[in-house]
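Here the structure is laid out as structure tokens; the discussion comes afterwards.
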Ligand SMILES: Nc1ncnc2c1ncn2[C@@H]1O[C@H](COP(=O)(O)OP(=O)(O)O)[C@@H](O)[C@H]1O
Ligand SMILES: [Mg+2]
């Protein structure tokens, strides 16, 4: 059995049915879903952006309001995929037994994992987009290049979906997710450059932050939102893609181990 | 086993089917040959290994040992194709709570690669067949247990399967719903589908199954047709008496050609001849008894014992 868990995933196009199922449910529950992922970033944007913006003025040639908006967009993409990949996937896997029902059809665990990852990324995009609109309406965005950040939301979602699915596969209950949020998501949110440039951190901390994916997400989203030239875009994309790829294989292994018993 | 002795049209052919959870073996190398057509029953007390066996047959639980082919295809290699041609009613209902009745069926059709537009007629038919037409737009939380069960059966039929597995399809349901489900299962059988069901209700097995195996602690205890099993294992006459052991056992114990089985406060006297038992009962007018013919429950009690199982 162990050998079976370690082979590379072989999803088929039918994985999109899982994605479609989630999209249909998302459409039904649009209100609560949006309020959840939308409310907090907007409060940060209004509270910190207007408040601190008065004192800070510009950071690296970008108005602080815009600087912060870009960071919050990246953090939102991270949070949406992480929470969908942990809480919602766990619910579908355990309480609802959704996957058990699906595994009696021609779909396989590999399809489920691929479909869920694509869905997490899609939801990151869908639920982060309104924040982009709000940032625009509040005057934080003045450049059309900000539209280029939209596919990055998807990529960031893909990058965070894998680890979240691994957490869901390991969890005994929802409480387990507190470890991941407290030990990784929150520190990334605070230290990866959402609120201030990573360059202000001590050198050793910068190394750690640059290994983690959120700083790379911000390094792509911020220049696009602010209308500045991208620096090392290939590197940042490569890091996010690498996280997505490794996360996908890991998620497949762990979800298989959880579902196939 | 050799190819020559393989029945040509077995829907399920399992040899040495084994399941271990860690050190614990819960299915201990069972052989099953389920012929095409008819209803095959898997009987056994709680924890006997029925669900585990079904889950192995459908490839949802990997076998720890043995060989298995389903619909003539090898499991697990052909799992996608086997699933495309099989319907599964799981032990506990697992519809999508975010969808209505009809949305659940549409989504399930999509998992089989069927387009909702193409199965619209089929969905109406299935809702009618399981008497759910007036609930088509209901949410899962608005459905009773019996309705959810019927929806599970409708869902299992969405791909027009030739083989249908049902894990305890009527457990916990009221008599009306059970009769409706039995009627529908008989209709499915009559339309040529092969049914495999697990149950611990003997009346259900007797009504529906053409062939059955009784399993206990992961092993096959006996197999055959319901009638065949009854005549093979149980004396034709059963006298049932309620009461304390102290007042019943002295009266009915030790009658030649009979045996007495006590389950709680119920005493079953199995006899090949009725006369000697009735003679004893005449001498004990305080005992109230019923006389009936032997049924599958008696086989079950004899073979799987009568101590309580969780
Ligand atoms: N995932 C599992 N891990 C460990 N033990 C299990 C698991 N699933 C079932 N079992 C054990 O296997 C035995 C058979 O279970 P099951 O097949 O569900 O029995 P039945 O369906 O006949 O009631 C039980 O003792 C049960 O506790
Ligand atoms: Mg069971």
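Mind checking whether some residue in region B:166-186 is at pLDDT below 95, assigned to a helix (DSSP H, G or I) and under 13 Å from the mean Cα position of the chain (by Cα)?
No; the residues of region B:166-186 include none that is at pLDDT below 95, assigned to a helix (DSSP H, G or I) and under 13 Å from the mean Cα position of the chain (by Cα).
Return the only residue of B:138, B:156 being touching a residue at least 24 places away in the same chain (Cβ under 8 Å) and within 14 Å of chain A (Cβ to nearest Cβ).
Sole residue among the options that is touching a residue at least 24 places away in the same chain (Cβ under 8 Å) and within 14 Å of chain A (Cβ to nearest Cβ): B:156.
Residue by residue through region A:22-38, note down the ones that are free of Cβ contacts under 8 Å to residues at least 60 places away in the same chain and within 11 Å of chain B (Cβ to nearest Cβ).
Listed by number, the residues that qualify are A:24, A:25, A:27, A:28, A:29.
Do any helices (runs of 4 or more DSSP H) entirely within region B:220-305 hold 3 or more residues that are over 30 Å from residue B:26 (Cβ atoms), and if so, which? Steps first, answer last, please.
On the way: elements: B:226-233, B:245-252, B:275-282, B:296-304.
Hits in region B:220-305: B:245-252, B:275-282.
Whether any residue in region A:63-77 is free of Cβ contacts under 8 Å to residues at least 40 places away in the same chain and farther than 30 Å from residue A:256 by Cα is what I want to check.
Yes, that holds for at least one residue.
Among (1) within 30 Å of residue B:103 (Cβ to Cβ); (2) touching a helix residue (DSSP H, G or I) at 6+ places or on another chain (Cβ under 8 Å), there is one condition residue B:209 misses while meeting the rest; what is its number?
(1)
State which residue is nearest to ligand 2 (Cβ to nearest atom) when the search covers only region B:33-49 and only residues that are closer than 25 Å to residue B:187 by Cβ and under 15 Å from the mean Cα position of the chain (by Cα).
B:42
Find the residue count for region B:1-47, including only residues that are at pLDDT below 95 and either assigned to a helix (DSSP H, G or I) or within 8 Å of ligand 1 (Cβ to nearest atom) (or both).
Number of matching residues: 8.
Could you check, for region B:134-153, whether at least one of its residues is out of contact with any helix residue (DSSP H, G or I) (no Cβ under 8 Å at 6 or more places or on another chain) and surrounded by 18 or more Cβ atoms within 10 Å (Cβ to Cβ)?
Yes: region B:134-153 contains one or more residues that are out of contact with any helix residue (DSSP H, G or I) (no Cβ under 8 Å at 6 or more places or on another chain) and surrounded by 18 or more Cβ atoms within 10 Å (Cβ to Cβ).
Anything in region B:50-93 that is within 16 Å of ligand 2 (Cβ to nearest atom), touching a residue at least 12 places away in the same chain (Cβ under 8 Å) and not in a helix (DSSP H, G or I)? List them, or say none.
B:58, B:61, B:88, B:89, B:90, B:91, B:93
Report yes if residue A:253 is within 19 Å of residue A:89 (Cβ to Cβ) and assigned to a helix (DSSP H, G or I), otherwise no.
Criteria met by residue A:253.
Among the residues of region A:159-166, are any at pLDDT 95 or above, under 30 Å from residue A:55 (Cα atoms) and either part of a helix (DSSP H, G or I) or under 19 Å from the mean Cα position of the chain (by Cα) (or both)?
The answer is no; no qualifying residue exists.
If you take the residues in region A:186-201 that are within 16 Å of residue A:52 (Cα to Cα) and in contact with a helix residue (DSSP H, G or I) (Cβ under 8 Å, 6 or more places away or on another chain), which one is surrounded by the fewest Cβ atoms within 10 Å (Cβ to Cβ)?
Restricting to residues being within 16 Å of residue A:52 (Cα to Cα) and in contact with a helix residue (DSSP H, G or I) (Cβ under 8 Å, 6 or more places away or on another chain), the top hit is A:195.
Report, by residue number, each residue of region A:40-61 that is more than 24 Å from the chain's Cα centre (by Cα) and on the phi < 0 side of the Ramachandran plot. I'd like the intermediate steps shown before the answer.
Applying the first criterion (more than 24 Å from the chain's Cα centre (by Cα)) to region A:40-61 yields A:50-61.
Correct list: A:50, A:51, A:52, A:53, A:54, A:55, A:56, A:58, A:59.
Only one of these is facing chain B (nearest Cβ under 10 Å) and in contact with a helix residue (DSSP H, G or I) (Cβ under 8 Å, 6 or more places away or on another chain): A:122, A:128, A:98. Name it.
A:98
For the structure I just gave you, tell me whether residue B:230 is away from chain A (no Cβ under 14 Å), buried (at least 18 other Cβ atoms within 10 Å of the Cβ) and within 15 Å of ligand 2 (Cβ to nearest atom).
In short, no.
The values are calculated or read from the model by the stated rules, or taken from the named source; none is laboratory data. A quick note: this is a predicted structure, and the numbers were derived from the prediction, not measured. When we count neighbours, we look across all protein chains shown, and the Cβ atoms used for this are built from the backbone with ideal geometry, even at glycine.
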